[in-house]
Structure formats: structure tokens, C-alpha cells
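Everything below concerns the one structure shown next.
The values are calculated or read from the model by the stated rules, or taken from the named source; none is laboratory data. These numbers come from a predicted model, not from an experiment. Ideal geometry is used to build each Cβ from the backbone, glycine not excepted, and the neighbour counts take in all protein chains shown.
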Amino acid sequence: MKKIKEFHEELQSVLEQRREYLESDVLIKTKDLFKTYHSAFNAVFMLLLKKALIKDDPYKHEYRITEITLPPTSQIPDSEKGVQLGIRLSYYNTQLDYINSYYTFSSKFITLERIKLLIDLLNYIDWDMVAEVSNNPATRVLAGFLNKIRQGTDQIAISVINTSLNQMSTTKKILISNLELIREYHNESYKLLVREKILMQGNIYKYASENSTADTISVFKKKFPEVLVEQPFIPNLISQILDEEFTADSEELKDELLSKLAPASAEAEKKEKPVTIKKPSLNILVNAALTVCSSSSQIRAVLAKIDSNFAILEEPTGSAFIKWLYKVLKLNKSKKRVFEIEYIDDLSGMKKAEKLDLSVLMRKYLKTLAELSGAKLKSEFSVLESTEKKEDYLLIFIAEQNKNLKSFIQQIQGIDKYLKQRAKEEKRNPGQLKGSLLEINVIKNCIIKSQQLSHEYMAEKEEYNQFKSLGITDKSVD
């Protein structure tokens, strides 16, 4: 019993020193970081409202918050994206405002329960990968709206998005790291209390030394309602206490615990849990550009199908003589190759009509194929000298070609629809026509993948610049 009392006193001392460190350093920084996080989020939220992509929650002033809670996590119907995301982001913004206005950043107030709430709130949107392929409903819908802005010409808005998202990603990592330090302090304080109120009382210590971990945990559980009424029973922490007291590694575990909590270990702690700062690699952008170029084979296949479909529809119907006559006289081989299509515009969501001349369109997309030549990309890229010029070239190439591919998809979908309708009107067999759905899906995946890689590069660059602006120039940060 003497040894446990000595350890108890030493643990009590280092925990008090750890509390002082948290109060004077970590919690103050955490408070400031939540303000930074809220400011970055609000910039994105207000931009979406300004662009009329989402609608503000008209009932937000009726919220009565007594503790932070998460917005809904259910799926968002396509028909309600703007309204539902607006409500969720508005509620999220209110929660952040509540934290910054009413939370007391002290070790007593930031309890284990509140730490879980805060981490869950920080993880509500996946700021490390705001992409339309995300499994997170709010993240997925948000990514779709942000991509619409990125596809536009408002460079200030695009800059706000990139800067804010990366600031939130960086700040979130540090916040969670800080909250884990506070959680660790509370866990060890809890274990100290259990040692004091249960393990060191009566014959419990002797019983624990002679019986199995499972049996001892059962005894502890029965004692909780008697001596620790307001404390939750946390089996894994109880198990840690027993490991630190009764296993062969007992002394080593105790030394590790004291060393981890001691103030002198603060610098070592930073080294143990580094956040790596890596300069973004241009290879990410090169891969994004090559992904765009890989769509060229699908474009060729689509153009061949379109040409074949028109040829089928232009074949004369009727007797063998009529068909022979058309062939001999070469009648109207370009019949109906100027036509009108309809499609839904991705940016506006509105139905649009467009008049096309197939021969002009074919020349346009043959030029696109030339632009998507991997050899052309490599030759133009290789002559550029500075990293900045190479980065600009790749970003412009990816953005322009993805814009062209999206236009191509819209037009091809419109042409497929036109051809099917024409076959129906002319009472031809629509089964003879070859659709382009398979190729279009592959091209869409090329666009998505290249955008993901571009965003990954910009995220790494923004994070790198963010750390540099904070004066962090070595290989790791706390």
C-alpha cells in the first residue's frame, strides 16, 4: 500500500502541474483557434448565401441553445439541396457562435462530455476532403456548390473558398490535438480519483492483487454507486489502473505515465505527435492533367458513334430501287446535320437549347483531342523553367479542359436525345443507334478525379502557406 500512496502523491503533483499548463497555454490557444475556425467557416457560409446557392434558415433566431448539438446528419434530397444545406450550415454557424460567446475555456468547464461534442462538431464536415464523392451528406452537397463557384470566373470567391477551407482543415487538426491533451488530463484525473476512492480503501487493493481483472472490475462497478455517485463507470480506464498496478509491466507503465504528464515533457510531447509540413508536389497536378488527357479515347469512341448514328438515319428507306437511286445520285448526304438540341445547364440548372452544325462540331472536338494529347502536354510543360510557371500552366490546363469536357458531355447527351427522337419520328429502329452513356460516365470520372487531385494540391499548398504564416518553418508543429 505504501508504494501506491507514493505513486498517488506523485501523480497528484504532476496532474496539478499539467492542469496549470493547460490553463495557461493550451486552453487559451484553443479559445483563439475556435474564433479562427468560426471566422473561416463564416466566410464560406456568407459566400454561399451571397451566390444564392443556399438559403438562410428563417427560424435561426428562435434557437434556444443550452449546449452544443450537431445539425442533422441524414441524406439531403436533390430537390432540397439549397434549402436543407442552408438550414444545416446556419445551425452549424450558430453552434460555433455559441462556443465562442458562452464557453469557458477552463479544464473544469471543458469536460470529457464537452470534448466529445466539440470533436464531433469539428468532424461534422470533412474539411480535409470537400468532394462530391464524400460519404458525408453535408460535405458532399457543400462540395457540389463550391465546385459551381470554382467553375466560374469570380477569382475572389475562389480564393475565399481555397483559403477558408484550408484554414479550417489546418485549424481543426490543431484543435483536435489540443482537445485530446485535455481529454488525457481528465482521463488521468478520473483514474486518480478511482484510485483514491476505491482502490486504496479497505481490502480492495488486496482483492485486486489476488483476483482476475474481470472480477476486480465487477467489484469496482458495485462500489461506484456508493462512493462515486456523479462519476460514470468507464471500464477501459479502470482496466488501465489495474494494468499500472498489478501487471509485470507495472513500474514501466507508471514511469511512462508520469513522464508523459510532467511539464518537462511538453517539448518531447510535440516531437511525439508531429504534424508534418510537406511542400506540395507538382506531381499531383501532373497526374491531374494526365487524368484529363486519358478521356481522349472516350471522346474518339463517342465521335465515331455519333458519325455512325447519323449515317444510319440518313440511309434511305423504301425499295431497293430507291436505295440504288439515292446512291447513284448521291442525294443529300448531309441531310439534317444542322439541328437543335436541348440540355440542362450544369451551372444554372436551367434548360437550354442550342443549334449545332455536326461538321463544325466534329472539327471542334478533333481540336480538343489534339489539346488532350499527352505528348503535347509533356512537351509544353517541360520547357517551363520555374515551379510557379509550371503550376500556373497545369492549373489553367486542367480548368480549361475540364470546362471543355463538361460542355462536350452536355452536347453529346443532347445529340443522343435528338437522334433517338428523330429515329422515333422517322419510324426507324432505335436499337440500331449506339448510345454514349458508358463513355460519358468514364469522362465524368476523369473530371472528378482530376478535380480531386487539383483540390488536394491546393489544400496542401494552402496548409503549407498557413503554417509558414504562423512562423512554423521546421518539419513539425504542435
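Quick notes on this one:
- Residue ID - surrounded by the fewest Cβ atoms within 10 Å (Cβ to Cβ), chosen from residues in region 77-91 that are among the hydrophobic types (A, V, I, L, M, F, W, C) and touching a Phe, Trp or Tyr at 6+ places or on another chain (Cβ under 9 Å): Ile87
- So Arg64, is it in the same structural domain as Glu230 (by TED's automatic domain parsing), part of a loop (DSSP other than H, G, I, E, B) and charged (D, E, K, R): yes
Results for (1) surrounded by fewer than 17 Cβ atoms within 10 Å (Cβ to Cβ); (2) under 25 Å from Gln84 (Cβ atoms); (3) aliphatic (A, V, I, L, M), shown as yes or no for each residue.
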residue	(1), (2), (3)
Ser101	yes, no, no
Lys108	yes, no, no
Thr111	yes, no, no
Asp128	no, yes, no
Glu132	yes, yes, no
Leu142	no, yes, yes
Leu181	no, no, yes
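- Residue satisfying condition, being in the same structural domain as Ser189 (by TED's automatic domain parsing), among the acidic types (Asp, Glu) and either touching a Gly at 6+ places or on another chain (Cβ under 7 Å) or surrounded by 13 or more Cβ atoms within 10 Å (Cβ to Cβ) (or both), within set Glu226, Glu230, Glu244: Glu244
- Pick from region 145-179, criterion under 30 Å from Glu230 (Cα atoms) and more than 19 Å from the chain's Cα centre (by Cα), ranking: surrounded by the fewest Cβ atoms within 10 Å (Cβ to Cβ): Leu179
- Failed condition for Asp25, given (1) without any contact (Cβ under 8 Å) to a residue 60 or more places away in the chain; (2) assigned to a loop (DSSP other than H, G, I, E, B): (2)
- A single member of Leu303, Leu377, Leu358 is touching a Leu at 6+ places or on another chain (Cβ under 9 Å) and at pLDDT below 90, and it is Leu377.
- In region 1-56, the residue that is nearest to the chain's Cα centre (by Cα) out of those that are exposed (fewer than 14 other Cβ atoms within 10 Å of the Cβ) and among the small types (Gly, Ala, Ser) is Ala52.
- Within region 374-389, considering residues that are in contact (Cβ under 8 Å) with a residue 24 or more places away in the chain and surrounded by fewer than 17 Cβ atoms within 10 Å (Cβ to Cβ), the one farthest from Cys293 (Cα to Cα): Thr387
- Candidates in region 234-258 are the residues that are in a helix (DSSP H, G or I) and more than 41 Å from the chain's Cα centre (by Cα); of these, the one that is farthest from Arg19 (Cα to Cα) is Phe246.
- Residues in region 34-60 that are in contact (Cβ under 8 Å) with a residue 40 or more places away in the chain and assigned to a loop (DSSP other than H, G, I, E, B): Lys51, Leu53, Ile54.
- Of all the criteria given as (1) farther than 22 Å from Gln451 by Cβ; (2) under 28 Å from the mean Cα position of the chain (by Cα), the one not satisfied by Glu388 is (1).
- Single match in Ile415, Ile447 (criterion: assigned to a helix (DSSP H, G or I), closer than 24 Å to Asp126 by Cα, in the same structural domain as Lys355 (by TED's automatic domain parsing) and among the β-branched types (Val, Ile, Thr)): Ile447
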